[in-house]
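The structure appears right after this line, and notes come after that.
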Amino acid sequence: EQLKKDNCQIIYILGVEGAIHHGFTPILEALAKSQVDPNTGKAYEVTYAPKVLRSALFGLYQEKRDMDDPTLIAKVFRELCPETDDGKTKRIIIEDSSFPSGAMDDPRSYRIRRQASWMTSTMEEVANDELAINHPVNLKKFYELYSQHANVQFILLNRPFLETMASHANDWGEEVAGRSNMIRGFMLILKRFLDHLRQEEESNNSGGMRGGNKKKALSTIVCADKIMSKNYESDYEATMARQHILDYLTKFLGWPSSRCPECYNTWKESKKDPAKVLGEKNLGLMLNDMKELEGMWPPLDVIGSGLPEQQCSL
């Protein structure tokens, strides 16, 4: 039974909207597809954003059942991790929906939609709002329900705040100041969830140490700025840093190999200058908002291993 659970691995790439999921997810997917189980010689089966999981977690595709409905959870694992070979095939499921997701008038059937009120709320008000805590999914509930059946781990994707805000500055007609309130609120929601996960890790490991086996870490961090070549003086430095990121991700996920020459083939760096995109007025507002994040975000106190590539810029 434990083998079946270990061979069904769900990885959620956490991040606020604008954290460059579209750039990082293909890297992780390529790394997963390059893996071969050393015990069986079989390649890992990798699924990105499966419809059955998104309907279960977010209520998409007109799913009417509650997230904790046992029949819905059973359907997810029946489709994604079938017991066709006694659970011996390693199956990797990758999800990366951002916080928040969708649009206020999104035609998709989110259980809880993006709310206009988040734009006019403070960071704390957003983080304490029940609708926000459950959008697009309640992470605590997801972990509690799904970790009973699978090895669930989280990768926090962080991008510098000004770049994050500039990435969607002209989308949906939302004012930058309002978006900042919302984005910072979701950063606090993610921070609180990671605090919760760290407590889970400590509890698991205190029991595991008595038994002689330390449990896997539940979360780690990837800094988008540590992938970007513009932040290095040479191509060699950038290549080495990118490999180090693959090395620690492979170790975190318990995979056999970090060798993946094609992993960064799809990576494209944004040419946007955040200051120019935001404009002088908004830039001043964002720099002021950043002060509210100091010491809270990135949440390095509860995540990461202190490696140079994990020292994300605010």
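The values are calculated or read from the model by the stated rules, or taken from the named source; none is laboratory data. All values reported here derive from a predicted model rather than from experimental measurement. Positions of Cβ are generated from backbone atoms using ideal geometry, with glycine treated the same way; all protein chains shown enter the neighbour counts. All accessible areas refer to the heavy atoms of the entire protein, side chains included, with ligands and DNA or RNA removed. Shrake-Rupley method; radii C 1.70, N 1.55, O 1.52, S 1.80 Å.
Which one of these does residue 78 not meet: (1) within 21 Å of the chain's Cα centre (by Cα); (2) open to solvent by 20 Å² or more (accessible area, probe 1.4 Å); (3) within 24 Å of residue 142 (Cα to Cα)?
Result: residue 78 passes all but (1).
State whether the residues of the stretch 117-138 include one that is more than 23 Å from residue 22 (Cβ to Cβ), open to solvent by less than 60 Å² (accessible area, probe 1.4 Å), at pLDDT 95 or above and among the charged types (D, E, K, R).
yes
Taking residue 17, is it among the charged types (D, E, K, R) and surrounded by 15 or more Cβ atoms within 10 Å (Cβ to Cβ)?
Considered against the rule, which asks whether it is among the charged types (D, E, K, R) and surrounded by 15 or more Cβ atoms within 10 Å (Cβ to Cβ), residue 17 comes out as yes.
Out of the residues in the stretch 214-237 that are outside any helix (DSSP H, G or I) and more than 24 Å from residue 12 (Cβ to Cβ), which is most open to solvent (accessible area, probe 1.4 Å)?
The qualifying residue most open to solvent (accessible area, probe 1.4 Å) is 233.
Could you check, for the stretch 20-34, whether at least one of its residues is touching a residue at least 60 places away in the same chain (Cβ under 8 Å), under 20 Å from the mean Cα position of the chain (by Cα) and outside any helix (DSSP H, G or I)?
Yes, the conditions are met somewhere in the stretch 20-34.
Might you check whether a residue that is more than 23 Å from residue 188 (Cβ to Cβ) and either more than 18 Å from the chain's Cα centre (by Cα) or in a loop (DSSP other than H, G, I, E, B) (or both) occurs anywhere in the stretch 284-304?
The answer is no, given that none of the residues of the stretch 284-304 is more than 23 Å from residue 188 (Cβ to Cβ) and either more than 18 Å from the chain's Cα centre (by Cα) or in a loop (DSSP other than H, G, I, E, B) (or both).
Could you list all residues from the stretch 238-276 that are closer than 20 Å to residue 163 by Cβ and open to solvent by 50 Å² or more (accessible area, probe 1.4 Å)?
266, 268, 271, 272, 273, 276
Looking only at the stretch 24-69, count every residue that is among the hydroxyl-bearing types (Ser, Thr, Tyr), more than 19 Å from residue 143 (Cα to Cα) and surrounded by fewer than 18 Cβ atoms within 10 Å (Cβ to Cβ) and tell me the total.
2
Would you say residue 288 is touching an Asp or Glu at 6+ places or on another chain (Cβ under 7 Å), free of Cβ contacts under 8 Å to residues at least 60 places away in the same chain, closer than 21 Å to residue 166 by Cβ and open to solvent by 20 Å² or more (accessible area, probe 1.4 Å)?
No.
Can you find even one residue in the stretch 88-98 that is out of contact with any strand residue (DSSP E or B) (no Cβ under 8 Å at 6 or more places or on another chain) and within 29 Å of residue 260 (Cα to Cα)?
yes
Can you say whether residue 151 is closer than 18 Å to residue 120 by Cα and in contact with an Asp or Glu (Cβ under 9 Å, 6 or more places away or on another chain), as far as the supplied structure shows?
No; evaluated as a whole, the condition is false for this residue.
Please verify whether residue 246 is within 19 Å of residue 314 (Cβ to Cβ), hydrophobic (A, V, I, L, M, F, W, C) and in a helix (DSSP H, G or I), treating the condition exactly as stated.
In short, no.
Answer yes or no as to whether residue 145 is in contact with a helix residue (DSSP H, G or I) (Cβ under 9 Å, 6 or more places away or on another chain) and surrounded by fewer than 17 Cβ atoms within 10 Å (Cβ to Cβ).
In short, no.
I'd like the full set of residues that are open to solvent by less than 20 Å² (accessible area, probe 1.4 Å) and touching a Lys or Arg at 6+ places or on another chain (Cβ under 8 Å), limited to the stretch 104-114.
106
Conditions first: (1) open to solvent by 60 Å² or more (accessible area, probe 1.4 Å); (2) modelled with pLDDT under 95. Residue 177 passes all but one, so which condition is the exception?
The one condition residue 177 does not meet is (1).
Considering only the stretch 291-310, state which residues are open to solvent by less than 40 Å² (accessible area, probe 1.4 Å) and out of contact with any strand residue (DSSP E or B) (no Cβ under 6 Å at 6 or more places or on another chain).
Within the stretch 291-310, 293, 296, 297, 299, 302, 309 qualify.
Run residue 122 past the list (1) farther than 22 Å from residue 13 by Cβ; (2) in contact with a strand residue (DSSP E or B) (Cβ under 6 Å, 6 or more places away or on another chain); (3) among the hydroxyl-bearing types (Ser, Thr, Tyr) and report the number of the one that doesn't hold.
Tallying (1) farther than 22 Å from residue 13 by Cβ; (2) in contact with a strand residue (DSSP E or B) (Cβ under 6 Å, 6 or more places away or on another chain); (3) among the hydroxyl-bearing types (Ser, Thr, Tyr), residue 122 fails exactly one: (2).
Among all residue pairs at least 6 apart or on different chains, which show Cβ distances below 8 Å where the first residue, located in the stretch 182-200, is within 13 Å of residue 19 (Cβ to Cβ) and in contact (Cβ under 8 Å) with a residue 24 or more places away in the chain and the second is in a helix (DSSP H, G or I) and polar (S, T, N, Q)?
Note: pairs meeting the criteria are 183/164.
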